[in-house]
Amino acid sequence: MGRVALILVDIQNDFFEGGSLAVPNASNILPTVHKLIDKADFIVATQDWHPENHISFGVNHPGKQPFDQIIIEYEGHETKQVLWPIHCVQNSHGAEFSPTISKKSIHHIVQKGKNPKVDSYSGFADNDYHEITPLAKILYQNNVEIVIVVGLAADYCVKMTCLDAVKFGFKTVLVKEGTLAVAPDQFNATMETLQSKGVEVTHVDHVIKTYL
């Protein structure tokens with residue numbers, strides 16, 4: 001079996017209870033996350049890292065509200081954009097990792113969403129694939145063949161990170177107890193979509209026994 005990497009997706013203050021874009025009951029993922037951190041020997045964390053003028057912030061679109069959808073154009077390509085509350089602004093408290101996560105346990109941090117003109121759910125690339133993050137290169141250079149994914153939120157950044165991991169050639173395993181959806185009613189459908197695209201969706205004890 002090839003080398004395994006644990007990918008922590010956007011485990012940041014703004015996505016936890018009390019944050020500006022809180023995932024319901026987000027702290028419930030933490031026992032699973034810590035169990036995996038204790039077992040993994042190579043860990044990469046993604047970090048939403050937006051400028052204040054980011055295109056995804058509803059406040060930057062007069063007359064629009066968070067959770068509205070608009071059409072944006074970037075580099076000649078039109079795409080749907082969900083508008084969000086201001087979140088994970090660079091160098092803010094909300095952008096910091098949960099204080100329960102020790103930075104000493106993380107080998108690499110991959111920041112995303114830095115371009116103000118396009119959103120970036122996936123840890124691998126922006127939503128239109130104009131820019132590729134260093135994540136795939138980090139994994140390739142460290143001979144990683146299997147990625148174990150946990151984090152927030154299941155229906156956006158976790159989903160897209162998993163789908164891109166498959167596209168980039170990695171065996172991709174999502175730990176079901178290690179993620180939750182910003183729209184809880186979308187959780188099961190998200191899991192089904194990921195499974196249909198080749199992602200293994202399984203439980204933490206199986207992951208530890210089989211991969212770690």
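Rounded to the nearest 20, the size of the Cβ-charge dipole of region 67-152 about its Cα centre is 480 debye, with Lys and Arg at +1 and Asp and Glu at -1. In a simple Cβ point-charge model (Lys, Arg +1; Asp, Glu -1; nothing else charged), region 82-212 has a dipole of about 380 debye relative to its Cα centre. GNM remark for the chain: springs join alpha carbons under 10 Å apart, and the peak mean-square fluctuation among VAL59, VAL182, VAL149 falls on VAL59. Since only ASN25, TRP49, GLN81 are under comparison, the one whose Cα sits farthest along the positive direction of the charge dipole of region 9-97, derived from C-beta charges on Lys, Arg, Asp and Glu, is ASN25. Bridge orientation summary for the chain: considering DSSP beta bridges with both residues in this region, about 25 percent are antiparallel. Have a look at LYS35, LYS176, LYS159 and tell me which one the Gaussian network model of the chain (Cα, springs below 10 Å) gives the largest fluctuation. So, out of LYS35, LYS176, LYS159, the one fluctuating most is LYS35. For region 65-106, what class follows from the C-alpha gyration tensor (a ≥ b ≥ c being the square roots of its eigenvalues): rounded when a/c is under 1.5, otherwise prolate if a/b is larger than b/c, else oblate? In terms of gyration-tensor shape, prolate. Region 1-46 and region 120-182 have Cα centres lying 12 Å from one another.
Helices in the chain, meaning DSSP H runs of at least 4 residues, each add -39500 (n - 2.57). Divided by all residues, the mean residue ellipticity at 222 nm is -6000 deg cm²/dmol.
In the elastic network of the chain, a GNM with C-alpha springs shorter than 10 Å, the most mobile of ASP164, ASP68, ASP14 is ASP68. Charges were assigned to the Cβ only: +1 to each Lys and Arg, -1 to each Asp and Glu. The resulting dipole of region 1-128 about its Cα centre is roughly 460 debye.
Classification of region 1-97 by its C-alpha gyration tensor yields a prolate form. The axis ratio a/c (a ≥ b ≥ c) is 1.5 or more, and a/b outweighs b/c. Within the set of other residues whose C-beta is less than 15 Å from the C-beta of VAL150, count the net charge using Lys and Arg as +1 and Asp and Glu as -1. Around VAL150, the charge tally is -2.
In the chain, a dipole from Cβ-located charges (positive for Lys and Arg, negative for Asp and Glu) runs towards its positive end, and of TYR211, ILE138, PHE170 it is TYR211 whose Cα lies farthest in that direction.
Among LEU36, LEU180, the sequence by solvent-accessible area, most first, with a 1.4 Å probe is LEU180, LEU36.
Consider the candidate values [x] 11.1; [y] 13.1; [z] 14.5; state which one is mean projected area of the Cα convex hull in nm² computed from the structure displayed. Structure-derived value, by its label: [x].
The values are calculated or read from the model by the stated rules, or taken from the named source; none is laboratory data. What you see is a predicted model, and the numbers here were worked out from it, not measured in a lab. Don't worry about glycine lacking a Cβ; one is built from the backbone with ideal geometry, like all the others, and counts go over all protein chains shown. Protein only, heavy atoms only, side chains kept; ligands, DNA and RNA dropped before computing areas. Shrake-Rupley method; radii C 1.70, N 1.55, O 1.52, S 1.80 Å.
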